[in-house]
Ligand SMILES: [Mg+2]
């Protein structure tokens, strides 16, 4: 059962985790960026960007998003310490051979799906290199669109890993890292033993359910299904919290330097 982060128990947990040796990790859409009808129009607001730019001077910040790295960096408008794209599958400077295999898989799926789904209004295939996203938010009959999408996915070769989301279906190569595995790898990369992770969607559950590492999971929005220990009611609370985290870290730094 998830607890509200801004009550006493959650705030006490937060005070323990907010420290220079904790990795701060975020999903992008629905977490740092507001979800919009047109997925290509997502952006983060100027105050959030400014706060994040202050945060990266105080603590290691990682973004783990379903978008491609290029797309995510354009939305952010600044560069955190690490941006992992395509649900964990796309890392900066990955050996080309591995990425190429993923990209080939997704190219084959895109071509097969395009033929099968082109007649369904409001369904869009977004090719992202190492993963593929099928959007059906704008379909007139969303349930029907989803069953047609799933029928088409059932015929794909090679078989993809399917991850559902908010009016989207994501397809990844079977060997691709999940968001959870990506977070563990990011902690390893920075040599950090603890992390705080904020996310809002089904793919983020891969992080929330990690048992092997010390992660404070926070779900954006109250959700009875989530395995995150804590939740925030809405994104605006996260934006306010980012400011508080900056202040907490600045005070800690002053004390250290004091
Ligand atoms: Mg999200």
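Numbers below:
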item: Residues 113, 58 arranged by fewest to most Cβ contacts within 10 Å; result: 58, 113
item: Net length gained if the chain between residue 212 and residue 100 were fully extended (0.36 nm per residue, minus Cα distance); result: 37.3 nm
item: Calculated over the stretch 46-140: convex hull of Cα atoms, volume per residue (Å³); result: 100 Å³
item: Rotationally averaged projected area of the stretch 96-172 (alpha carbon convex hull; nm²); result: 4.5 nm²
item: Residues 6, 55, sorted so that the one with the fewest Cβ neighbours within 10 Å comes first; result: 6, 55
item: Kirkwood Rh, angstrom, the stretch 130-188 [1 / mean 1/r, Cα pairs]; result: 12.7 Å
item: Sum of -39500 (n - 2.57) over DSSP H runs of 4+, divided by residues of the chain (222 nm, nearest 500); result: -12500 deg cm²/dmol
item: Expected-Rg normalisation [2.2 N^0.38 Å, Cα atoms] applied to the chain; result: 1.03
item: The stretch 107-252: C-alpha pair distances exceeding 23 Å, %; result: 49 percent
item: Inter-label distance, nm, simple model (7 Å from Cα along the C-beta direction), residue 151/residue 250; result: 5.8 nm
item: For peptides 27-33, 123-129, 152-158, sequence by mean Cβ density within 10 Å, most packed first; result: 27-33, 123-129, 152-158
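Here, each number is a calculation from the coordinates, and none is a lab measurement. Note that this is a predicted model, so its numbers are computed, not measured. No Cβ is skipped: glycine too gets one built from the backbone with ideal geometry, and neighbour counts run over all protein chains shown.
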